[in-house]
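Below is one structure, written out as structure tokens, with a few remarks after it.
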Amino acid sequence: VIPELGETWSEPVFGRVKSDLQPDGIDVFFIGGGYSSDNSRGKTVLAINAAGAVVKEFTGIANMNYSFASAVTVVDGDGDGFVDKVYVGDLGGQMWRFGRFTDLVETALVFPDCDENIDNWRGERIFRAGCGEADCTNGADDNANDLIDEWRQFFYPPSVTLEIGYDLVFMGSGDRENPCNTISSDKFYCVKDTHASITFTEPDLVNAATDTPDLNGDDNGWYVELAVGEKVLSGNTVFSGVVYFTTFTPNDDPCVPGGDGKLYGLKYLTGESAADFGTIGGGIPSTPVIIIKDGKQMLLVSAGSTNPDPVSPSTGAGVITIEPPDQGKNFFYNSNKNFFYLWWQEMGI
């Protein structure tokens, strides 16, 4: 029994880690502590082995005041089969990184080096969105400068891209428990992570609507502001230089199940628009999924209702197929270098 656990919303994510007792590695799954409406539970992240024993629990860390309803994102940056680090957001609009990026005398390791021994890991808050420090529990706060509609939450795992000299962490905010809130103020974020022990806030990022960020320079990331009431209620996908994510905006239209679903495609380094998909249907849309088949690329999103088209007049629930924008084989990216995929293969375990 793990008393810190809340409702089990977090899906397990599997990986292999090293430990003091098993330096050759042990298979584990990572889970967030779960959902709690008042953040009284779920304020933990765990690594658990196949026998159900807790290999490592991260809890009681400074600023860990909110539940982890989200699944985590694990990263094996060097491809050696061992997890290097874990990212996950909480219900207080905070993004966390679990790992170890110094040696045992606290000398910083050269990026992207990591300590793969999970017994040496610690949790660090790398980003804080929305209202103040720890004053936003359950949407209420004690800071006169913070408004309730500025309180943001992360219910879904981030995407991570491995760059040269840093990684990028992509996440969107939205209250999955109150999707029909019409006064919410949510955003989509890209945060630059160099493994430094620092917590960025929104003023540290570039507003992509007004400026173009330089992530190879001094900029720490970017954000885009969503419309009032619009929320990110699913995960996101980065593919071929574009980050795709869906949003939900509630309305009172009787012909639409609860509101409008939109799909965004933004250039992942700058937040600029790569494609204008607009409204793709009604209801809360799913995470965008990329399918590559017979040399063709397809972007799939499920929705509560679909827009009629010449092929099908149906407006019921369904899967929407969209052709993603062609960025070309050599799209411009980090440090003026170009790359493209020669091939890839998905391996079963």
> For Lys85, which lysines qualify as cross-link partners when the Cα separation must be under 21 Å and same-chain residues fewer than eight apart are set aside?
Replying inline: Lys18, Lys43, Lys56, Lys192
> Around Asp186, which amide H atoms from residues at least 5 apart in sequence, or from another chain, sit under 5 Å from its own amide H, with H modelled in the peptide plane?
Replying inline: Leu226, Gly229, Glu230
> All other residues with a Cβ under 9 Å from the Cβ of Ala47 taken together, and with Lys, Arg as +1 and Asp, Glu as -1, what is their net charge?
Replying inline: 0
>> Starting from the 7 Å offset along Cα-to-Cβ, what nm value, one decimal, do you get for the label separation of Asp38 and Ala227?
In response: 3.7 nm
> By its C-alpha gyration tensor, with a ≥ b ≥ c as the square roots of the eigenvalues, how is the range 157-300 shaped: rounded for a/c under 1.5, else prolate for a/b larger than b/c, else oblate?
Replying inline: oblate
> Which FRET efficiency, nearest 0.05, do Asp253 and Ser273 yield, Cβ-Cβ r, R0 30 Å?
Replying inline: 0.75
> Working out 0.36 nm times the residue gap between Met298 and Asp24, then minus their Cα-Cα distance, what length gain in nm do you get to one decimal?
Replying inline: 94.7 nm
> Near Lys187, which lysines are there with a Cα under 20 Å away, not counting those fewer than 8 places off in the same chain?
Replying inline: Lys231, Lys262, Lys267
> By how many nm would the segment from Phe111 to Ala50 grow when fully extended, if each residue of separation counts as 0.36 nm and the alpha-carbon distance is taken off?
Replying inline: 18.8 nm
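Only the coordinates and a few stated rules stand behind these numbers; no lab work does. Keep in mind that this is a model prediction, so the values were computed, not measured. So basically every Cβ, Gly included, is an ideal-geometry build from the backbone, and we count neighbours across all protein chains shown.
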